[in-house]
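Structure record follows, encoded as structure tokens.
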Amino acid sequence: MHRNATRTAVRTLACAAVPMLLVAGCSSDSGGDDSAGPSPSASASSASPTPAPVKFTTLPDPCKTLSGDTVGDVVPEAKKKGKNLGSKDADGYGTCLWSGLDDYQYRALTVSLKRFDSDVTLGSGSERAAEYAGQQVAAVSQDEENKKVKDTPLDGVGDQATSIAFETERKDGKKTEEYREQRVVAITGNVVVTVDYEGAGFETGKTPKAEDIRENAEKAAKEAVKAVK
């Protein structure tokens, strides 16, 4: 009995001398299997998250989003094929410009397309598109040169759209020209379509009516959104 007690005391001292993480190995009652692999739940939690699927993976040529008839109606005397402003990432971003001078009436129209992929750290493609669209709308009122800014919801264009009317003045030498402008920002899936349209009357030409500018901008926006497929 005395010998067994002595062995037990020695074993206890030996265990006390090793790091705490190894004490469990000194227990004479340990019967666990340390070779067991990780549990299924642990493996599942360590798997990389997958980005949400997106509706659109490519973009159309922005200069082909409007028909020749629409360009002729909205921007008289403009080249109907438009001017592609170019992008190194044609599937992510693109802009086309049409401009024309009919007598003393100047009109200019741009259609910009921006597509967003889903990102596990930044959000889904549609969420990122909505955030960008909000920035495009806010940018008009944040520009101090823009006056009489008024934005309204635009129904029936994409998933959601906003139409913003405003006015601005630009100097050409000693002369100041008044411009009426309209921006339409529409979301369709993970793509944002931004249409900017402006008009001015040079020399003896009259400043275009705000209603005409609005109608033409919204007409172009509706057609451009439908071209995103």
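The values are calculated or read from the model by the stated rules, or taken from the named source; none is laboratory data. Predicted model, so just to flag it, every value in this text is computed and none were measured. Methodologically, a virtual Cβ is constructed for each residue, glycine included, from the backbone with ideal geometry; neighbour enumeration extends over all protein chains shown. For the accessible areas, the whole protein counts, side chains as well, though only heavy atoms, and no ligand, DNA or RNA atoms are used. Shrake-Rupley method; radii C 1.70, N 1.55, O 1.52, S 1.80 Å.
A few remarks follow.
- Carbon plus sulfur fraction of accessible area for region 62-227, probe 1.4 Å, in percent: 44
- Relative contact order, percent, region 62-227 [alpha-carbon distance under 8 Å, six or more residues apart]: 22
- Residues of type aspartates and glutamates that LYS81 reaches as a straight line, Cα spacing below 16 Å, ignoring anything fewer than 8 places off in the same chain: ASP61, ASP69, ASP73, GLU223
- Straightening the chain between ARG170 and GLU131 buys 11.0 nm, computed as 0.36 nm per residue apart minus the Cα-Cα spacing.
- Using R0 = 45 Å, the C-beta based FRET efficiency linking SER48 and GLU211 works out to 0.25.
- Summing Lys and Arg as +1 and Asp and Glu as -1 over all other residues whose Cβ lies under 13 Å from the Cβ of ARG183 gives a net charge of -4.
- Using a Förster distance of 30 Å, the FRET efficiency for TYR104-LYS81 (Cβ separation, nearest 0.05): 0.75
- Taking the charge dipole of region 94-229 about its Cα centre, with +1 at Lys and Arg Cβ atoms and -1 at Asp and Glu Cβ atoms, the residue from TYR179, ALA224, VAL120 reaching farthest to the positive side is ALA224.
- Per residue, region 69-161 exposes an accessible area of 62 Å² to a 1.4 Å probe, with every protein chain left in place.
- Three-way shape call for region 62-227 based on the alpha-carbon gyration tensor, with the a/c threshold at 1.5: prolate
- Maximal additional length on extending the ASP117-ALA138 stretch stands at 5.3 nm, based on 0.36 nm per residue less the C-alpha distance.
- Cross-link partners of LYS150 among lysines (Cα-Cα below 17 Å; sequence separation of 8 or more within a chain): LYS209
- The alpha carbon gyration tensor of region 152-229 gives principal lengths a ≥ b ≥ c with a/c of 1.5 or higher and a/b greater than b/c, which makes the shape prolate.
- Those lysines that a straight Cα-Cα span of less than 18 Å connects to LYS206, excepting residues fewer than 8 apart in one chain: LYS171, LYS175
- Environment charge of LYS80, counting only residues whose C-beta is closer than 15 Å and scoring Lys/Arg +1, Asp/Glu -1: -1
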